[in-house]
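Trainee: Can you keep this structure in mind? I'll have questions shortly.
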Amino acid sequence: MDRIIVRGNGPLRGDVAVSGSKNSSLALMAAALLGRGETRLENVPRLRDVSAMLEILRALGTQADWDPEDDHAVRIDASTIRSPEAPYDLVRKMRASFLVLGPLLARFGLARVSEPGGCAIGVRPVDQHMKGLRALGAKLSLDHGYVEASAARLLGGNVVFDMTTVNGTQNVMMAACLAEGETVIENAAREPEVVELADVLQRMGAEIRGAGSDRIVIQGVEALRGVTHRVAGDRIEAGTLLAAGLTTGGDVSVRGVDPGTLESTLDKLRECGARIEADADSVRLVAEERPRPLSVTTAPFPGFPTDMQAQLMATLCIAEGASVVTERVFENRFMHVPELQRMGADITLSGRSAHVRGVARLSGAQVMATDLRASAGLVVAGLAAEGDTVIHRVYHIDRGYERIEEKLRHLGAEIRREG
């Protein structure tokens, strides 16, 4: 099993391009099921999760594969679909695979999708997805771990989510595009990935208003068409690389990302003492002193993203003072704390808050990645540690970061992967 070995060797310096957004890519691949004709997505990262979604689409009978002429593009044609069932052995690999439910139901009137798997960071029930689809007239049931859904044709309706859910918003929004009449989604997620999906659906022929607000209105249409689209840069990868620059006292620029999607992360990095310059599609971070402590609470967009919590905590482990990190999105997202403590971090947990007292320097240690973003946090910590940090179970990081060790080496990091 692969492992990543990191040796702290001073500040990171240089510039690096960010890969396409994993989360946007997965939702857009599901949306391709709605289109008649081929959909081509460019700037798609070569990740385990993307490969898993391609497997699911092929299992449904679609023609779905990497473009032989562009190793970061996928081509998807749903005209050959032959089965509305997404099986357990594929869906269990990641949460976002459940996004095929809404498109399958809307396009073919029937769907059978296994309850999903993914990182063990907390309870992420699919009840909000089901509630939203029922509001559109779908009949749904749970049978031996599968969600079975049917509807001769979905009907527009009012959907009020009990909690903000990105994938739930996306699933219902996609289904509503082919429903008869108007659908209103209240308490909708506002994340950039929701906005990008809405933009692409509109180019496919959908009528959507309000994406990016907590109220989205969709007017159903008869059919959608395939399109070509370039996926936006990954805001979480960009934030991770910038956090690494801050933690090592470096000067790092990331290219290919909209700074507007990073505002809450950039605000916290500035609060830690970083100097930040941003233009249309890049961000530069310069750290000239030890990080300052702060208090941060995760929240749905536009709040501070839970997907950046572990990476910022790694930075705060060497801050000059005491910090508080509060996790409000997932109840079990502090599994990286014991691993950081093995590296000498001074962290005390109290309910949903972590009290972090900065130490002068972390020490390299053998640690274990417990989920995708935790693994990124351990890499950030290792870059600022004395000696070697050996990170095991790095298949987690491969779910969401494309060639992370190569990008960090480009910035001067001493990091390698071993089989």
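The values are calculated or read from the model by the stated rules, or taken from the named source; none is laboratory data. Note that this is a predicted model, so its numbers are computed, not measured. Backbone-built Cβ (ideal geometry, glycine too); neighbour counts: all protein chains shown.
Trainee: Only one of (1) modelled with pLDDT of 95 or more; (2) closer than 30 Å to Leu362 by Cβ fails for Asn43. Which number is that?
Mentor: Among (1) modelled with pLDDT of 95 or more; (2) closer than 30 Å to Leu362 by Cβ, Asn43 violates only (2).
Trainee: Same structure, new question: Which of the residues spanning segment 386-411 are surrounded by fewer than 17 Cβ atoms within 10 Å (Cβ to Cβ), part of a loop (DSSP other than H, G, I, E, B) and over 20 Å from the mean Cα position of the chain (by Cα)?
Mentor: Gly387, the sole residue that qualifies.
Trainee: Could you check, for segment 124-141, whether at least one of its residues is touching a strand residue (DSSP E or B) at 6+ places or on another chain (Cβ under 9 Å), of a type in the set (Val, Ile, Thr) and farther than 27 Å from Asn43 by Cβ?
Mentor: Yes, segment 124-141 contains a residue that is touching a strand residue (DSSP E or B) at 6+ places or on another chain (Cβ under 9 Å), of a type in the set (Val, Ile, Thr) and farther than 27 Å from Asn43 by Cβ.
Trainee: Could you run through segment 257-274 and say how many residues are of a type outside the set (Asp, Glu) and in contact with an Asp or Glu (Cβ under 7 Å, 6 or more places away or on another chain)? I'd like the intermediate steps shown before the answer.
Mentor: In the first step, residues of segment 257-274 are kept if they are of a type outside the set (Asp, Glu); the result is 257, 259-262, 264-266, 268-270, 272-274.
Next, from what is left, pick out any that are in contact with an Asp or Glu (Cβ under 7 Å, 6 or more places away or on another chain): 257, 273.
Summing the residues that are of a type outside the set (Asp, Glu) and in contact with an Asp or Glu (Cβ under 7 Å, 6 or more places away or on another chain) in segment 257-274 gives 2.
Trainee: Specify which of the listed residues (Val257, Val227, Val286) is touching a strand residue (DSSP E or B) at 6+ places or on another chain (Cβ under 8 Å), surrounded by fewer than 24 Cβ atoms within 10 Å (Cβ to Cβ), closer than 22 Å to Asp199 by Cβ and of a type in the set (A, V, I, L, M). Steps first, answer last, please.
Mentor: On the way: Val257 fails: surrounded by fewer than 24 Cβ atoms within 10 Å (Cβ to Cβ); Val286 fails: closer than 22 Å to Asp199 by Cβ.
So the residue among Val257, Val227, Val286 that is touching a strand residue (DSSP E or B) at 6+ places or on another chain (Cβ under 8 Å), surrounded by fewer than 24 Cβ atoms within 10 Å (Cβ to Cβ), closer than 22 Å to Asp199 by Cβ and of a type in the set (A, V, I, L, M) is Val227.
Trainee: What residue, among those in segment 289-300 that are touching an Asp or Glu at 6+ places or on another chain (Cβ under 6 Å) and over 13 Å from Asp267 (Cβ atoms), is surrounded by the fewest Cβ atoms within 10 Å (Cβ to Cβ)?
Mentor: Arg290
Trainee: Is there a residue being more than 23 Å from Pro291 (Cα to Cα) and crowded, with 16+ Cβ neighbours inside 10 Å anywhere in segment 372-380?
Mentor: Going residue by residue through segment 372-380, those that are more than 23 Å from Pro291 (Cα to Cα) are 372.
This time we only want the ones that are crowded, with 16+ Cβ neighbours inside 10 Å, so: 372.
Within segment 372-380, one or more residues are more than 23 Å from Pro291 (Cα to Cα) and crowded, with 16+ Cβ neighbours inside 10 Å.
Trainee: What is the one condition in (1) touching a His at 6+ places or on another chain (Cβ under 9 Å); (2) over 17 Å from Leu197 (Cβ atoms); (3) buried (at least 18 other Cβ atoms within 10 Å of the Cβ) that Asp77 does not satisfy?
Mentor: Checking Asp77 against (1) touching a His at 6+ places or on another chain (Cβ under 9 Å); (2) over 17 Å from Leu197 (Cβ atoms); (3) buried (at least 18 other Cβ atoms within 10 Å of the Cβ), the one that fails is (1).
Trainee: Quick one: which helices (runs of 4 or more DSSP H) lie wholly within segment 236-348 and hold at least 2 residues that are under 28 Å from Ser363 (Cα atoms) and small (Gly, Ala, Ser)? Outline the logic, then answer.
Mentor: On the way: elements: 263-271, 309-316, 337-342.
In segment 236-348, 309-316 are the helices (runs of 4 or more DSSP H) which contain 2 or more residues that are under 28 Å from Ser363 (Cα atoms) and small (Gly, Ala, Ser).
Trainee: Moving on. For segment 348-358, enumerate the residues that are buried (at least 16 other Cβ atoms within 10 Å of the Cβ) and either touching a residue at least 60 places away in the same chain (Cβ under 8 Å) or of a type in the set (Val, Ile, Thr) (or both).
Mentor: Here is the first cut: in segment 348-358, the ones buried (at least 16 other Cβ atoms within 10 Å of the Cβ) are 352-354, 356, 358.
Once the filter is applied, which keeps residues that are buried (at least 16 other Cβ atoms within 10 Å of the Cβ) and either touching a residue at least 60 places away in the same chain (Cβ under 8 Å) or of a type in the set (Val, Ile, Thr) (or both), segment 348-358 yields Val356, Gly358.
Trainee: Testing Thr164 on (1) touching a residue at least 60 places away in the same chain (Cβ under 8 Å); (2) over 23 Å from Ala299 (Cβ atoms); (3) not in a helix (DSSP H, G or I), one condition comes back false. Which one is that?
Mentor: The single condition Thr164 does not satisfy is (2).
Trainee: If you check Arg409, Arg342, Arg417, which single one turns out to be at pLDDT 95 or above, under 22 Å from Ala287 (Cα atoms) and basic (Lys, Arg)? First the steps, then the outcome.
Mentor: Numbers: Arg342 fails: under 22 Å from Ala287 (Cα atoms); Arg417 fails: under 22 Å from Ala287 (Cα atoms).
Criteria check complete, one pass: Arg409.
Trainee: Quick check: anything in segment 81-92 over 18 Å from Thr228 (Cα atoms) and in a strand (DSSP E or B)?
Mentor: Here is the first cut: in segment 81-92, the residues over 18 Å from Thr228 (Cα atoms) are 81-92.
Next, from what is left, pick out any that are in a strand (DSSP E or B): 85-86.
Yes - at least one qualifying residue is present in segment 81-92.
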